1. Would the chain count as rounded, prolate or oblate if I go by the C-alpha gyration tensor, calling it rounded below 1.5 in a/c and otherwise prolate when a/b exceeds b/c, oblate otherwise?
2. Could you order Phe102, Phe74 so the one with the most accessible surface comes first? Probe is 1.4 Å.
3. Within the accessible area of segment 11-253, what % is carbon and sulfur when the probe is 1.4 Å and the other protein chains stay in place?
4. Near the amide H of Ser156, under 5 Å away, which other amide H atoms are found, from residues 5 or more places off or on another chain, if H is placed in the peptide plane?
5. Based only on Cα atoms, what Rg/Rh ratio does segment 90-178 have, Rh being taken as Kirkwood's radius?
6. Mind checking the dipole of the chain: about its Cα centre, +1 per Lys or Arg Cβ, -1 per Asp or Glu Cβ, Debye to the nearest 20?
7. Using a 1.4 angstrom probe, figure out how much accessible area segment 11-253 has per residue, in square angstrom, rounded to the nearest whole.
8. If you take every DSSP beta bridge whose two residues both sit in segment 11-253, what share of them, in percent to the nearest 5, is antiparallel?
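The values are calculated or read from the model by the stated rules, or taken from the named source; none is laboratory data. All figures in this text were calculated on a predicted structure; none of them were measured in a lab. Every residue, glycine among them, receives a Cβ derived from its backbone with ideal geometry; neighbour counts consider all protein chains shown. Accessible surface areas use protein heavy atoms only, side chains included; no ligands, DNA or RNA. Shrake-Rupley method; radii C 1.70, N 1.55, O 1.52, S 1.80 Å.
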Amino acid sequence: MKMKNDKWKIWDNNNKYGETLYKRATGELPEMESSKALAKIIQQKIGSPEKILDVGCGAGHYLKSLRNQLKAEFIYTGVDATKNYIELAKKAFADDREASFFVSDIYNLEVDDKSNDLVISCNLLLHLPAIVKPINELVRVAKDAVIIRLLCGERSFRIQDVHPEENGNEFTEDGNPINYYYYNIYSKDYLKNIFSKIERIDSYEIIDDLDYNCENIVNSIEEHQDYNATRLISGYQVNGYILQPWAFVILYLK
Ligand SMILES: C[S@@+](CC[C@H](N)C(=O)[O-])C[C@H]1O[C@@H](n2cnc3c(N)ncnc32)[C@H](O)[C@@H]1O
């Protein structure tokens, strides 16, 4: 079905976020806790993939943690729907001969079937209006495994994070958000249901992502200087007002 509008795609106008990701990619800001955690999981669960595709790569900043922590060499491709972020990624990793970046949409990846040993997609699926097609696309282009980072728990929630326009307006006359992205939490049962219908998935594992340095998370409040910085409540990460049950999902493929 054709979308009525694409108002949930707020990244095109968010240059400030792109700058933060770029600073992470160049080392001006520290690596993200989630990118370090992902690198550890790849090492423990997957081993040494020769080709990695990162979908929703932003400024390619996860590559920094992967290069720092993975022992073996690998070829990295980053794709993102936001042209501006891909330009920043190309600039940040201009000296890395084994890294390339291009614009592509997770709903219709311009990538060959099974062309990457490992496909990763972190912190993107929660922001999308629907995840069945994206998960199918990630599996299609992966050979051995897919790792996704998303919000998941016992129940599903559909949440719209409303971003005011420059003039402060948030909602249309009839009460719909003008600009927003989703902040969805999916139940483990729903994920199981999706995975059970994808023939190439042999097995899967859900690992709660609680592997972070609290001090580093708290310091990020200083970096962001806004309400959107990640905070901690009772050990859980909180962004805005949303308590986040982060998890890595590993799909092992046939
Ligand atoms: C929250 S950011 C996550 C960036 C990075 N993976 C991380 O974890 O820091 C979401 C990224 O997904 C990208 N994105 C949004 N919609 C997309 C789509 N349909 N296809 C590919 N990338 C998309 C955005 O441009 C943005 O860079």
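1. Rounded shape, in that the Cα axes give a/c under 1.5.
2. Ranked list, largest accessible area first: Phe102, Phe74.
3. 46 percent
4. Excluding prolines and chain starts, which carry no amide H, the hits are Ser187.
5. A ratio of 1.08.
6. Here the chain has a charge dipole of around 680 debye.
7. Accessible surface, normalised per residue, equals 50 Å².
8. Beta bridges within segment 11-253, antiparallel portion: roughly 55 percent.
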